[in-house]
Amino acid sequence: MTALPATAPSAVVPSGPRPKRVAASRIVLYGILLVAALYYLLPLYVMVTTSLKGLPEIRLGNIFAPPLEVTFEPWVKAWTSACTGLTCKGLSPGFWNSVKITIPSTVLSVLIAAVNGYALVNWRFRGSEFFFTALIFGSFIPYQVMVYPLVLVTASLGIFGTLQAVILIHTIFGMPILTLLFRNYFASLPPELFKAARVDGAGFWRIFFQIMLPMSLPILAVAIILQVTGIWNDFLFGVIFAGTQNYPMTVQLNNIVNSTQGVREYNVNMAATILTGLVPLAVYFVSGRLFVRGIAAGAVKG
Amino acid sequence: MAETSIDAAAAPPPSRFLYNLFRRNLSAKVAATPMVATVLVVFVGCTLWTVYYSFTNSRALPTGDFVGFAQYERLFAARRWNVSVRNLLLFGVLSLVLSMTIGFLLAVLMDQKIRLENTLRTIFLYPFALSAIVTGLVWQWIMNPTLGLQTTLRNLGWESFTFDWITNTDMVIYALVIADLWHKTGFVTVLMLAGLRSIDDEIWKAARVDGIPTWRTYLSIVLPMMRGVIITTLVIVGSAIVRLYDLVVALTDGGPGIASEVPAKYVINYMFSGGNLGQALAGSTIMLAAVLVFLIPWAIIEFRPKKER
């Protein structure tokens with residue numbers, strides 16, 4: 001709005017000769033945005049080009065140069081044979097571990113939060129609002145504060161160092177934001193819907209499964225996106241609770257790149273880095289607006 | 001299965017209190033059990049456990065020997081902890097101020113009815129979809145002094161160009177800030193943009209009729225109206241800063257030496273490999289206190305008794 005003279009209606013579709021005075025500040029505006037966009041895109045470009053170069057080419061010392069000879073060897077090595085410290089099987093075991101962690105954690109945490117949000121809106125009981133507020137506040141406690149007692153808890157349950165432990169931990173720490181999301185969504189639905197079902201004699205679970213759940217598909221999608229990217233990107237819980245055999249992809253990636261033995265293969269490192277980022281990136285690019293809605297809903301309404 | 005809360009009064013209960021506590025609205029209570037358990041066991045229980053054991057001399061395993069503030073005295077005398085705290089303060093101030101300022105400015109620029117808005121937003125936000133580990137490793141490579149940006153620009157003819165921040169004790173913390181800003185500024189931008197969009201067009205019209213310059217409208221009218229979004233963003237960004245861990249592990253692993261250590265890393269290291277649990281727990285209690293400094297004012301503002309709710 002800065003650039004527009006008062007007479008011009010919002011200049012969305014420019015027509016006719018370009019007005020010169022407007023152009024000057026517009027150029028500055030687009031110039032700044034372009035520079036910012038370049039800053040954001042540059043690392044992605046460097047990642048991709050580095051991963052497609054051979055080591056000798058990398059040693060020439062120009063990270064911006066496009067690859068002279070495109071090679072996919074680094075990608076193959078990153079996936080199948082790069083060393084993570086203990087073994088040299090590449091990132092693929094980490095990928096599957098991450099899948100095994102992400103899917104159950106997402107399903108479990110989203111289901112619990114959906115039922116919980118529904119109960120909080122439509123079946124309030126004494127103390128429900130209190131516990132909800134406490135849940136939201138609890139989400140700000142640094143994980144480092146709760147991690148050690150949780151190690152003891154999972155150990156006494158006999159699941160420390162297993163996939164179940166990480167899944168449990170992700171379910172716990174996903175609860176605040178997801179419950180908030182579902183609670184706000186269910187609160188925005190017309191209450192008549194619930195009342196009508198009650199009058200017809202439907203109970204708690206029936207209303208949930210037959211009316212609320214089918215109506216909550218948009219927010220379900222947001223919650224799933226939020227959880228899949230969040231859990232996939234987790235490092236701390238994976239490294240503490242999963243046990244060496246079950247390290248998720250982020251942990252294995254860090255081990256590959258930051259292991260100190262041997263020649264540093266920057267192209268393999270970058271290929272591994274992209275591979276690890278691929279799942280959340282795919283989710284992000286496919287879901288687009290829903291992702292934005294997810295983070296905005298979590299933050300703005302909170 | 002079908003539970004009722006309506007006919008609760010119909011049945012003459014032997015003990016109304018017990019009935020209300022357990023039976024009434026039972027399904028909802030079952031549904032809320034994970035929430036209640038999380039609050040009581042994890043958020044309250046585990047936190048109290050940590051605070052309690054930070055006053056003991058626990059080493060490899062938690063023990064009950066109470067030693068008062070000894071762990072805290074040692075903590076504040078430890079060079080590594082002090083470096084960590086100083087790093088986090090510097091990082092936190094820079095990261096908070098820069099991400100909020102740049103995020104807001106980018107949002108204002110994107111609010112000028114520009115073309116390609118969706119494309120730009122996609123570009124600004126994609127790093128936020130990536131993990132901090134990925135972010136750290138990419139920037140580690142770009143800032144690599146022997147083969148990264150420094151060498152590239154030198155080879156292109158800028159002989160004196162120096163960008164060795166990740167191996168430079170005095171500059172490494174700024175390297176962390178650069179990577180961190182790349183990761184999260186887009187997130188701030190998106191939130192700010194949502195805040196800007198929530199402001200009524202009438203306000204803009206009124207300001208224009210009154211002849212208030214645009215920058216002035218932003219500063220004196222729009223910004224105060226966005227208070228809610230700004231405070232929420234501050235709380236989210238602020239509490240994330242206290243937790244800073246993954247990015248450091250990936251980018252520098254605390255190095256060179258201990259030049260980029262942070263409290264969260266101090267805590268995790270002592271907890272799982274240092275064999276000094278008491279120190280770790282004292283450190284994490286201090287982290288908790290730091291978060292409360294952000295949280296309590298926000299809670300007071302947010303949950304001031306309004307009407308209803």
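Structure notes:
- In the protein assembly as shown, helices alone account for a calculated mean residue ellipticity at 222 nm of -20500 deg cm²/dmol, with every DSSP H run of four or more residues adding -39,500 (n - 2.57).
- Accessible area buried between chains A and B, both sides summed, probe 1.4 Å, in Å² to nearest 100: 8900
- Of the residues B:K265, B:K113, ranked by 1.4 Å probe accessible area with the largest first, the sequence reads B:K113, B:K265.
- Positive-pole candidate from B:W182, A:G203, B:A78, dipole of the protein assembly as shown, charges at beta carbon: A:G203
- For segment B:201-273 versus segment A:110-156, the gap between their alpha-carbon centres in whole angstrom: 25
- Translational D in µm²/s for chain B (Stokes-Einstein at 4 °C, 1.567 mPa s, Kirkwood Rh from C-alpha pairs): 55
- Here the protein assembly as shown has 67 percent of its accessible surface on carbon and sulfur atoms, given a 1.4 Å probe and all protein chains in place.
- For chain A, the membrane-span-like helix rule (DSSP H, alpha carbon extent of at least 20 Å along the helix axis, mean Kyte-Doolittle at least -0.5) picks out A:20-51, A:92-122, A:163-188, A:217-233, A:266-287; this says nothing about an actual membrane.
- Cβ neighbours within 10 Å from other chains - mean over B:233-241: 2
- The simple spin-label model puts a point 7 Å past each Cα toward its Cβ; for B:F272 and A:L41 those points are separated by 3.8 nm.
- Kirkwood hydrodynamic radius (C-alpha pairs) into Stokes-Einstein, segment A:121-195, 4 °C and 1.567 mPa s, D in µm²/s: 89
- Within segment A:114-130, backbone nitrogen closer than 19 Å to the virtual label 7 Å beyond the Cα of A:L193 toward Cβ: A:114-124
- Solvent exposure of segment B:79-302 as accessible area per residue, Å², 1.4 Å probe: 38
- Sorted peptide list for A:187-200, B:236-249, B:191-204, criterion being average Cβ within 10 angstrom, highest first: B:236-249, B:191-204, A:187-200
- Cα→Cβ-extended label distance, 7 Å offset, between B:M225 and A:I103, nm: 4.9
- Cα→Cβ-extended label distance, 7 Å offset, between A:L60 and B:E302, nm: 5.3
- Each of B:E261, B:E117 has its accessible area taken with a 1.4 Å probe; listed largest first, they run B:E117, B:E261.
- For the protein assembly as shown, the dipole from Cβ point charges (+1 on Lys and Arg, -1 on Asp and Glu) about the Cα centre works out to 1180 debye, to the nearest 20.
- Taking the Cα centre of chain B as origin and assigning +1 to Lys and Arg Cβ atoms and -1 to Asp and Glu Cβ atoms, the resulting dipole is close to 640 debye.
- Extension gain for the segment A:D200 to A:V286, taken as residue separation times 0.36 nm less the Cα-Cα distance, is 26.9 nm to one decimal.
- Translational diffusion of the protein assembly as shown was estimated from the Stokes-Einstein equation, with Rh taken as the Kirkwood radius over Cα pairs; at 4 °C and 1.567 mPa s the coefficient is 49 µm²/s.
- Spatial offset of segment A:184-237 relative to segment A:37-57 amounts to 41 Å, using the alpha carbon center of each.
- Whole-Å distance, taken between Cα centres, linking segment B:86-144 and segment B:274-302: 26
- Under-22-angstrom lysine pairs by C-alpha in chain A, whenever the two are 8 or more apart or on separate chains: 4
- Tail weight of P(r) past 24 Å, computed on alpha-carbon pairs of segment A:92-300, percent: 50
- 10 Å Cβ neighbours from other chains, averaged over peptide B:134-147: 6
- Helices of chain B meeting both criteria, an alpha-carbon length of 24 angstrom or more along the long axis and an average Kyte-Doolittle score not below -1.0, with helices taken as full DSSP H segments, are B:79-110, B:172-197, B:277-302.
The values are calculated or read from the model by the stated rules, or taken from the named source; none is laboratory data. Model, not experiment: these values are computed from the prediction. A quick note on method: Cβ atoms are made from the backbone with ideal geometry, for glycine too, and the neighbour counts reach across all protein chains shown. Calculation scope for accessible area: heavy atoms of the full protein, side chains included, ligands and nucleic acids excluded. Shrake-Rupley method; radii C 1.70, N 1.55, O 1.52, S 1.80 Å.
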